Amino acid sequence: MSPLLSVQGLQTEFLTPRGVIRAADGVDFDIQEGEVLGLVGESGCGKSVTALSIMYLIPTPPGRIASGAIWFRGINLLAGSENEATVRRGLGGKPKLVRNDTALRRHRARMAKIRGREVSMIFQEPMSSLNPVLPVGYQIAEVLIYQRRKVICDRLLARREITDEDLELFKEAVTHPDAAQRERLLADFCLQTALPVEKVAAIIDRSGLQMEERLARIRRLSERTKTRHAWFLRLARELDVLESEWITREWRVLSGVASSEDDRRRLAAQAQFRSRQALFRLVMSIPVLRRILMRPIEEEARRRVLEQLKNVRISEPHKVYNEYPHELSGGMQQRVMIAMALACDPALMIADEPTTSLDVTTQAQILTLVRDLRERIHSSILYITHDLAVIAELCDRVAVMYAGKIVEEAPVGDLFAHPLHPYTEGLLESIVSLDKEVPTDAPLPTIAGTVPDLLSPPSGCRFHPRCKYAFARCKTEEPRLLPQGESRRVACFLYEEGGSRATERPAGA
């Protein structure tokens, strides 16, 4: 079975006044459908750079993806990006990054249809990722309107007629003695029937109306809401379908996996999209028409956002929808980020240390939420952390990263039971266990030395200056990431040529 995501030979580098730093140097790993892969390593080892490279969010300059391939559902996400940025020698012989802005804009436009829709990301610091001047609900709705317009239009076009059960809920919202409960019932009614909250509230607040007249007005409002904007919804839906088909087939052509039929259909979809887009832009250029025609789409997006906020266990989602990021706690901000990442039902979610800045109690709540959501939505997850306890709790497999390279990859149980790479062994030994009796004056176990400077990394194996098993070959040759059995890989000379460190350790080790 082909993997959902396959990262092959990824090299990402940054230009600095001191020279070129290769933060990700030949990174290789796969993620299967529905799998959770943990990416673990010390700070500065390249975990976040790898995630940003997959999302194509590396700032250019100073960074660029120098080489490699990122295959996602049969297309190479780096195809067509080869000439976007090149390194040249400037004055005094210093390296200089030169951008090809035209190629960069084209590739970013293609990636914009992947990010959020197919691959989403939860960032480390929600406060720095959320827009501080917009309500959080609006920010999530914006993602839905841009990336899931077809789904929203389908839901509106297929909206069922109002039922007797809906009308009973409306009656309860009108007659309930408690004001707070009436407000909640009204919100539930509008969410269930896709009717504008303001217009339903106006019918309720209108004095002198009997219940039968209120119900008749609700029925008429439902009919008008369903039919008034049908042509515009079909146009918006068709635009989204054509654009997706055009961009997907363009990816296939650039990736070298397209047939002549793919190329023909790409050109046809592109031509149709351009013609429909002209009408769409004309309509949207008139402010009054834009406000009227976009309103049902915006209201449907709002309803979906409220559903997502409920799914991430935010109480009073109607209130939180209109709040700004600074009005929320750290845990609530991270829940909003998770809701945003899951809004478009992505096939792959990248979580970049989502609990780092949270207190222990909130961390546990967020991890429980991520685990429950994984079981419900069955998305694949790339979970980045330096906390091995989190890896053991959430992940199916784990890749260990050191100084820009993957040094070991294994199923979680195998890695914790029998680590192969000396660096992995050191990480596990550094975990403080309350079950072990340790003298109070005994030093805590650590890995000797520090992470190398990637501007001038050590020759040979990058871990050899800190490795207690290092021998002469480690200082001159770089080990390859080779299979060890059916489900493991390790980059260490202690395991090359089928040897076993347990039985055949090199002399001097």
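What follows is calculated from the coordinates using simple rules that are stated; it is not laboratory data. Just so it is clear, the model here is predicted, and its values are computed rather than measured. Glycine also receives a Cβ, built like all others from the backbone with ideal geometry; neighbour counts cover every protein chain displayed.
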I want to check the label-to-label distance for residue 268 and residue 220. Put each point 7 Å from Cα in the C-beta direction and report it in nm to one decimal. 4.7 nm
What is the fewest-to-most order of 78, 191, 39 by other Cβ atoms lying within 10 Å of their Cβ? 191, 78, 39
Taking 378, 464, 421 and counting other beta carbon atoms within 10 angstrom, the fewest-first order is 378, 464, 421
Please identify which residues in the stretch 316-330 have an amide N closer than 19 Å to a label point set 7 Å out from the Cα of residue 359, following the Cα→Cβ vector. 326-330
Please list the non-local residues whose amide H lies under 5 Å from the amide H of residue 350, H modeled 1.01 Å from N, same-chain partners needing a gap of 5 or more. 120, 121, 122, 382
Using the Cα centre as the reference, give the magnitude of the dipole from point charges on the C-beta atoms of the chain (Lys, Arg: +1; Asp, Glu: -1; all else neutral), rounded to the nearest 20 debye. 2560 debye
At a Förster distance of 56 Å, what's the computed FRET efficiency of residue 472 paired with residue 260, Cβ-Cβ distance as r, to 0.05? 0.50
Shape call for the stretch 134-323, from the Cα gyration tensor axes a ≥ b ≥ c (a/c under 1.5 means rounded, otherwise prolate when a/b beats b/c, else oblate), comes out prolate
If each of residue 327 and residue 372 carries a label point 7 Å out from its Cα toward its Cβ, how far apart are those two points in nm? 2.5 nm
In debye, nearest 20, what is the charge dipole magnitude of the stretch 2-91 about its Cα centre with +1 on Lys and Arg Cβ and -1 on Asp and Glu Cβ, if you could check? 480 debye
Between residue 431 and residue 210, what is the label-to-label distance in nm when each label sits 7 Å out along the Cα-to-Cβ direction? 7.2 nm
Helix-only mean residue ellipticity at 222 nm, the chain, DSSP H runs n ≥ 4 weighted -39,500 (n - 2.57), per residue, nearest 500. What is it? -14500 deg cm²/dmol
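For the residues 340, 349, 294, what sequence is obtained by ranking on other C-beta atoms within 10 Å, fewest first?
294, 349, 340
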Compute the relative contact order of the chain as a whole-number percentage, counting only Cα pairs closer than 8 Å that sit 6 or more residues apart in sequence. 21 percent
With the cut-off at 25 Å, tell me which of the pairs 171/199; 150/310; 405/475; 96/475 have Cα atoms farther apart than that. 96/475
Between residue 283 and residue 87, what FRET efficiency comes out of the Förster formula 1/(1 + (r/R0)^6) with R0 = 51 Å and r the beta carbon distance, rounded to 0.05? 0.65
When log10 I(q)/I(0) by the Debye sum over Cα atoms at q = 0.08, 0.09, 0.13 Å⁻¹ is calculated directly from the model, which label among [x] -0.53, -0.69, -1.58; [y] -0.63, -0.77, -1.33; [z] -0.55, -0.68, -1.22 fits? [y]
Taking the Cα atoms only, what angle lies between the long axis of helix 287-311 and the longest principal axis of the chain, rounded to 10 degrees? 60 degrees
